[in-house]
Amino acid sequence: MNIWVLLKQTFDTEEKIVLTGGGISEAGVKWIINPYDEYAVEEAIRLVEQHGGKVNLLSVGPERAGEALRTALAMGADEAVLIHDSRIPQDEWAIAKVLSAFLADQGADLILGGNFSVDNGAGQVAIRIAEQLGLPHIGSITKLDISAAGEAIVHRDAEGDTEIIDAHLPALFTAQQGLNEPRYPTLPGIMKAKKKPFRLLSLDDIPGISLQELEARTTRVSLSLPPSRQAGVILQGDLAAQAADLIRRLRQDAKVI
Amino acid sequence: MSRTILTFAEIRNHELRQVALEAVSAAVKIAGTAPSEIASCLLVPVDTSLDALERYAESLFTHGANRVYVLKHADFTAYHAELYLGAVQQVVSTANPEFIIFGHTSVGRDLAPRLASMLQAGQISDVTAIQHEDGNLLCTRPLYAGKAVEQRAFTGTSAAPSIITIRPNNIPLSAPDSSRSGEVIEVAFAPPSLRTIVRDVVRKTSGTLDLSEAKIIVSGGRGVKSTNGFKPLEELASVLNGAVGASRGACDAGYCDYGLQIGQTGKVVTPEIYIACGISGAIQHLAGMSGSRVIIAVNKDPEAPIFKVADYGIVGDLFEVVPLLTTAFREFLEHEA
Ligand SMILES: Cc1cc2nc3c(=O)[nH]c(=O)nc-3n(C[C@H](O)[C@H](O)[C@H](O)COP(=O)(O)OP(=O)(O)OC[C@H]3O[C@@H](n4cnc5c(N)ncnc54)[C@H](O)[C@@H]3O)c2cc1C
Ligand SMILES: Cc1cc2nc3c(=O)[nH]c(=O)nc-3n(C[C@H](O)[C@H](O)[C@H](O)COP(=O)(O)OP(=O)(O)OC[C@H]3O[C@@H](n4cnc5c(N)ncnc54)[C@H](O)[C@@H]3O)c2cc1C
């Protein structure tokens with residue numbers, strides 16, 4: 001099975017956000033594989049353990065994204081491709097266009113991505129790629145069984161309900177939490193990862209893509225921090241009195257009931 | 001010729017979702033003073049009664065739609081990506097909209113990006129506010145689950161429509177006007193050939209209320225200690241007509257389904273009242289609920305970080321406090337009625 005995993009590097013979810021010079025400061029930030037993409041990597045490795053084949057990783061991003069790819073290689077993926085080019089606009093249309101142009105002739109049986117990225121969080125890129133490649137997609141999956149013949153039975157999370165869907169490969173799925181428990185890279189895994197094929201490409205290496213087509217459809221106009229919340233009051237007295245006090249305050253002060 | 005703004009009118013358990021009306025309200029906001037048609041796309045099962053259809057259309061008209069496109073299919077009872085896409089695509093080619101608005105719901109999140117790529121369109125996701133400024137339309141949306149906020153605009157020379165998904169519970173409803181009416185147009189739906197089959201839907205949620213749309217959320221963490229421990233929270237939520245949510249701590253421990261998880265890797269919620277019970281207040285959890293209007297925390301540890309963001313804190317054992325709250329709210333609400 002020839003599997004491609006779409007992977008993006010994001011801030012660790014523990015990070016606080018600091019603004020500098022109109023952007024988000026990256027100083028001292030710890031980087032991770034987008035948690036949803038990590039589920040996708042794990043699922044791909046398990047499928048190859050079961051059926052044989054190859055796990056390929058693909059990312060568009062700055063050079064530091066290479067670290068996230070190395071981590072996924074250390075988990076057990078086989079090869080990685082990083083497309084790094086400052087001419088690519090930060091817009092989901094453009095990113096998806098680049099990724100799908102590259103994937104078009106890779107003969108993928110299965111493409112796995114994340115449900116959304118925990119930073120920008122648009123939840124667009126993977127599903128857009130399915131459309132561009134003319135593949136069926138199932139978003140937000142929590143269980144995946146694939147037979148040797150390429151018949152997939154997929155559980156999809158739909159706001160707490162589970163939809164059970166049959167599909168046939170090739171297809172694209174996006175991973176939701178609960179799909180699996182990603183493994184940690186082992187020390188031998190980390191050593192081996194250093195020798196695994198890693199390609200750094202630019203737009204010039206991808207045939208059939210024009211800058212004209214990549215024109216951004218959307219752009220950021222401003223960036224700010226949300227108003228910070230202040231600690232309120234800790235209610236006092238016996239618990240029953242606190243309950244009554246709370247209701248009074250919700251009604252009179254907060255005016256929400 | 002006036003332009004068209006199309007909204008997707010999502011139905012859940014035979015009711016129009018609140019976000020369907022918010023989408024129409026967003027369309028009204030986008031339209032501003034420019035002459036615009038506001039059309040809604042309604043996908044219903046073939047056995048939908050005329051009564052129900054009228055009710056749906058009525059609500060959409062009352063909030064600002066002038067036109068409702070209705071498509072019928074036996075399988076519109078559950079979401080099916082290819083079927084829904086085919087239907088919306090058909091409406092798009094009929095209505096030729098300049099904007100298309102979806103709810104940022106399970107359905108909208110799945111459908112909108114696929115349609116966007118098909119139309120070569122840009123999309124701004126998870127929008128919480130829309131405003132006009134110097135001739136630009138600015139869409140506000142959270143980054144890092146709300147740790148930062150950006151405004152985005154549509155740019156470029158593409159003639160494709162602009163697609164927006166709106167986060168439920170954030171776009172204010174336009175003032176309802178029951179004297180308004182509009183036209184219902186049935187579109188004969190030609191379903192595409194399907195490559196996926198929805199063989200079953202396992203309903204784990206009850207009722208029509210989704211977490212992201214709830215006005216009041218009672219949320220439990222690891223402090224709830226077991227599946228059974230969620231019972232008192234469910235009672236409180238039911239008295240308040242709210243929904244139950246959870247921290248990842250509670251989900252990981254297996255006390256509840258991941259569908260309930262609130263936070264950076266779960267749902268981001270913005271209810272009027274958020275009651276956190278036995279939740280410590282980790283940064284990932286705070287990211288998902290800090291936009292709530294009023295936060296109430298119940299925790300036995302006075303040092304728990306959740307108290308730093310709570311408007312009202314009760315230090316105590318949740319198994320004592322929550323039932324007391326249930327009783328107090330019940331009495332208050334009965335008294336009010
Ligand atoms: C030069 C350059 C610098 C960049 N710098 C940054 C940066 O600093 N911060 C940043 O957040 N992004 C950066 N990007 C990436 C790009 O801007 C985002 O990936 C894009 O905005 C995707 O939107 P999203 O994060 O909302 O993803 P979503 O649409 O929420 O992602 C859904 C899924 O799609 C897949 N996916 C998304 N983006 C990528 C990707 N880039 N590569 C592979 N798979 C992907 C993943 O499986 C992901 O889980 C950079 C890109 C380039 C070319
Ligand atoms: C990549 C990543 C993503 C994550 N995403 C999320 C996310 O989206 N959402 C999320 O919530 N977390 C997320 N987390 C996890 C987060 O870091 C915390 O581990 C988690 O939120 C803790 O859950 P908790 O508050 O229920 O449990 P704990 O931190 O264990 O807190 C339990 C609290 O209950 C109190 N308590 C115990 N018993 C009682 C009682 N009888 N009465 C009253 N109070 C009591 C305790 O004092 C304590 O404060 C993520 C972590 C990572 C690494």
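Anything in the stretch B:140-154 that is more than 16 Å from ligand 2 (Cβ to nearest atom), open to solvent by less than 20 Å² (accessible area, probe 1.4 Å) and farther than 20 Å from B:ALA31 by Cβ? List them, or say none.
B:ARG141, B:ALA148, B:GLU150
Which condition number does B:THR77 fail, the rest of (1) closer than 20 Å to B:PRO192 by Cα; (2) at pLDDT 95 or above being met?
The single condition B:THR77 does not satisfy is (2).
Tell me which residues, restricted to the stretch A:125-165, are touching a residue at least 40 places away in the same chain (Cβ under 8 Å) and farther than 21 Å from A:HIS51 by Cα.
A:VAL125, A:ALA126, A:ILE127, A:ILE129, A:ALA130 - these are the residues of the stretch A:125-165 that are touching a residue at least 40 places away in the same chain (Cβ under 8 Å) and farther than 21 Å from A:HIS51 by Cα.
Among the residues of the stretch A:13-60, which ones are away from ligand 2 (no atom under 16 Å from the Cβ) and among the aliphatic types (A, V, I, L, M)?
Hits for the stretch A:13-60 are A:VAL18, A:LEU19, A:ILE24, A:ALA27, A:ALA44, A:ILE45, A:LEU47, A:VAL48, A:VAL55, A:LEU57, A:LEU58, A:VAL60.
In the stretch A:231-243, what count of residues is obtained for those that are open to solvent by less than 60 Å² (accessible area, probe 1.4 Å) and out of contact with any helix residue (DSSP H, G or I) (no Cβ under 6 Å at 6 or more places or on another chain)? Let's see the steps before the verdict.
Here is the first cut: in the stretch A:231-243, the residues open to solvent by less than 60 Å² (accessible area, probe 1.4 Å) are A:232-233, A:235, A:237, A:239-243.
Narrowing further to those that are out of contact with any helix residue (DSSP H, G or I) (no Cβ under 6 Å at 6 or more places or on another chain): A:232-233, A:237, A:241-242.
So the count comes out to 5.
Tell me the strands (runs of 3 or more DSSP E) entirely within the stretch B:155-251 that contain at least 2 residues that are more than 16 Å from ligand 2 (Cβ to nearest atom) and within 9 Å of chain A (Cβ to nearest Cβ).
Qualifying strands (runs of 3 or more DSSP E): B:162-166, B:197-202.
Six or more apart or on different chains, Cβ atoms under 6 Å: show the pairs whose first residue is in the stretch A:179-198 and touching a residue at least 40 places away in the same chain (Cβ under 8 Å) and whose second is outside any loop (DSSP other than H, G, I, E, B) and open to solvent by 80 Å² or more (accessible area, probe 1.4 Å).
A:ALA193/A:ARG70
Out of the residues in the stretch B:264-284 that are at pLDDT 95 or above and open to solvent by less than 10 Å² (accessible area, probe 1.4 Å), which is nearest to ligand 2 (Cβ to nearest atom)?
Filtering first and then ranking leaves B:ILE279.
Mind listing whichever residues of the stretch B:300-328 are facing another protein chain (nearest Cβ under 9 Å), part of a loop (DSSP other than H, G, I, E, B) and among the hydrophobic types (A, V, I, L, M, F, W, C)?
Those that are facing another protein chain (nearest Cβ under 9 Å), part of a loop (DSSP other than H, G, I, E, B) and among the hydrophobic types (A, V, I, L, M, F, W, C): B:VAL309, B:ALA310.
Residues of the stretch A:163-181 being surrounded by fewer than 19 Cβ atoms within 10 Å (Cβ to Cβ) and either assigned to a strand (DSSP E or B) or more than 12 Å from every other protein chain (Cβ to nearest Cβ) (or both), which ones?
The answer is A:ILE164, A:ASP166, A:HIS168, A:ASN180.
Return the residues of the stretch B:285-310 that are crowded, with 21+ Cβ neighbours inside 10 Å and within 10 Å of ligand 2 (Cβ to nearest atom); say none if nothing qualifies.
Matches in the stretch B:285-310: B:HIS285, B:LEU286, B:ALA287, B:GLY288, B:MET289, B:ALA297, B:VAL298, B:ASN299, B:ALA304, B:ILE306, B:PHE307.
What pairs can you find where one residue is in the stretch A:213-227 and over 12 Å from B:LEU143 (Cβ atoms) and more than 7 Å from chain B (Cβ to nearest Cβ), the other is outside any loop (DSSP other than H, G, I, E, B) and small (Gly, Ala, Ser), and their Cβ atoms are less than 6 Å apart, with a gap of 6+ or different chains?
Going by the 6 Å Cβ cut-off, the qualifying pairs are A:LEU214/A:ALA94.
Kindly provide the set of residues from the stretch B:111-139 that are charged (D, E, K, R) and either more than 14 Å from the chain's Cα centre (by Cα) or open to solvent by less than 10 Å² (accessible area, probe 1.4 Å) (or both), ordered by number.
Selection gives B:ARG114, B:GLU133, B:ASP134.
Inside the stretch A:220-230, can you point out the residues that are surrounded by 13 or more Cβ atoms within 10 Å (Cβ to Cβ) and more than 30 Å from A:GLU92 (Cα to Cα)?
Scanning the stretch A:220-230 gives a single hit, A:ARG229.
Of these, B:SER158, B:SER174, B:SER181, which one is assigned by TED's automatic domain parsing to the domain that holds B:THR48, in contact (Cβ under 8 Å) with a residue 40 or more places away in the chain and open to solvent by less than 60 Å² (accessible area, probe 1.4 Å)?
Every option except B:SER174 fails the conditions.
The values are calculated or read from the model by the stated rules, or taken from the named source; none is laboratory data. On a predicted model such as this, the values are computed, not experimentally measured, just so you know. Glycine also receives a Cβ, built like all others from the backbone with ideal geometry; neighbour counts cover every protein chain displayed. Each accessible area value is taken on the protein alone, full model and side chains, heavy atoms only, with ligands, DNA and RNA left out. Shrake-Rupley method; radii C 1.70, N 1.55, O 1.52, S 1.80 Å.
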